[in-house]
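Novice: The structure under discussion is supplied below as structure tokens; questions concerning it will follow.
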Amino acid sequence: MSQQQHGTIGVQITNHVATLTLNNPTQYNALTKDMCLELVGAFSGLSVDPQVRAILITGAGANFSAGIAIDQMDLVLFDEPVDGELVNHFDLVDRAITSCPKPTIAVVRGNCFGGAWQLASACDIQLAADTTRLAITPAKVGLVFPRPGVQRLVQTVGQSRAKYLLFSGAEISMEQASAWGLFTQVVPKEKLESQLATLIFQMDANSAFSIVHTKQAITMSTASTPDSLSDSYWAQLWEHNARSEDLAEGRAAFAAKRRPEFTWVSPEN
């Protein structure tokens, strides 16, 4: 196990799983500009680390996050470098997560307010405790929710429910959040860690080749990609799939009634 601390983002790697911890307890783990920069940097490094097979995002202490730190909103969302063009660091964090080739999991408990849901939803899977408090609150401070958050929210719950959540800023129950698909799975608070451990165990036992390429294929299938490019992608993937050492090992293990020992490692690039 290795551990290091980068300001207000904790980075820990244990058994091929990297955990990024939002650590700003005085503001319920709300994101500052420095935290955004650290998250982008962490994803850049972990995405190409051959020892890392999955990445978790969680919050320090009792809370996931309160979104964007109110006193840092200008720096996070409307930063003005010397060339005068606005930089949205939160969008860059979102892009770093969604473009990560490795599986990403948000582990949510306590407060999940404002942009915190967007942060969690950028991950492939969201595990949430049934005691989580959820509200998407940009209208309460006169802010327009960032584009990736709006698009993902509409895709998740539909236009009418997205408008309800964004127009009202109301807190909704976790029963409602679960029914609307705002989190992948909602579990009792006391079972959150055991459910996470089970998921990690299941993923670790499976083929990294299959998981990484399945994630890539799902991304391609939902992107605005010309059919010709999509067809070319699938043709190359299928040829690679046919020659995969993991597939050969999986079939041999199934025939021998033993656990497969997959060896494929994601290329650093």
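Novice: Scan region 219-232 and tell me whether some residue there is of a type in the set (Asp, Glu), farther than 26 Å from residue 118 by Cα and either open to solvent by less than 60 Å² (accessible area, probe 1.4 Å) or in contact (Cβ under 8 Å) with a residue 40 or more places away in the chain (or both).
Specialist: For region 219-232, residues of a type in the set (Asp, Glu), farther than 26 Å from residue 118 by Cα and either open to solvent by less than 60 Å² (accessible area, probe 1.4 Å) or in contact (Cβ under 8 Å) with a residue 40 or more places away in the chain (or both): absent.
Novice: Also, quick follow-up: Report, by residue number, each residue of region 24-58 that is of a type in the set (S, T, N, Q) and more than 17 Å from the chain's Cα centre (by Cα).
Specialist: Of everything in region 24-58, those that are of a type in the set (S, T, N, Q) and more than 17 Å from the chain's Cα centre (by Cα) turn out to be 24, 26, 27, 32, 51.
Novice: Right, residue 159: within 30 Å of residue 209 (Cα to Cα) and either at pLDDT 95 or above or not aliphatic (A, V, I, L, M) (or both) or not?
Specialist: no
Novice: Also, quick follow-up: Go through region 73-88 and report how many residues are part of a loop (DSSP other than H, G, I, E, B) and out of contact with any Asp or Glu (no Cβ under 9 Å at 6 or more places or on another chain).
Specialist: If we filter region 73-88 for residues that are part of a loop (DSSP other than H, G, I, E, B), which is where we start, we get 78, 80-86, 88.
Keeping just the survivors that are out of contact with any Asp or Glu (no Cβ under 9 Å at 6 or more places or on another chain) gives 78, 81-85.
Selection size over region 73-88: 6.
Novice: On to the next question. Identify all residues within region 96-123 that are buried (at least 21 other Cβ atoms within 10 Å of the Cβ) and β-branched (Val, Ile, Thr); write none if there are none.
Specialist: Across region 96-123, the qualifying residues are 97, 104, 105, 107, 108.
Novice: Considering region 142-160 alone, what residues qualify as being in a helix (DSSP H, G or I) and either hydrophobic (A, V, I, L, M, F, W, C) or in contact with a helix residue (DSSP H, G or I) (Cβ under 8 Å, 6 or more places away or on another chain) (or both)?
Specialist: 147, 148, 149, 150, 152, 153, 154, 156, 157
Novice: In region 59-86, which residue that is of a type in the set (A, V, I, L, M, F, W, C) and over 27 Å from residue 134 (Cα atoms) is farthest from the chain's Cα centre (by Cα)?
Specialist: Among those residues, the one meeting the criterion is 82.
The values are calculated or read from the model by the stated rules, or taken from the named source; none is laboratory data. Please read these numbers as outputs of a predicted model, since none were measured by experiment. Methodologically, a virtual Cβ is constructed for each residue, glycine included, from the backbone with ideal geometry; neighbour enumeration extends over all protein chains shown. Only protein heavy atoms, including side chains, enter the accessible area calculation; ligands, DNA and RNA are left aside. Shrake-Rupley method; radii C 1.70, N 1.55, O 1.52, S 1.80 Å.
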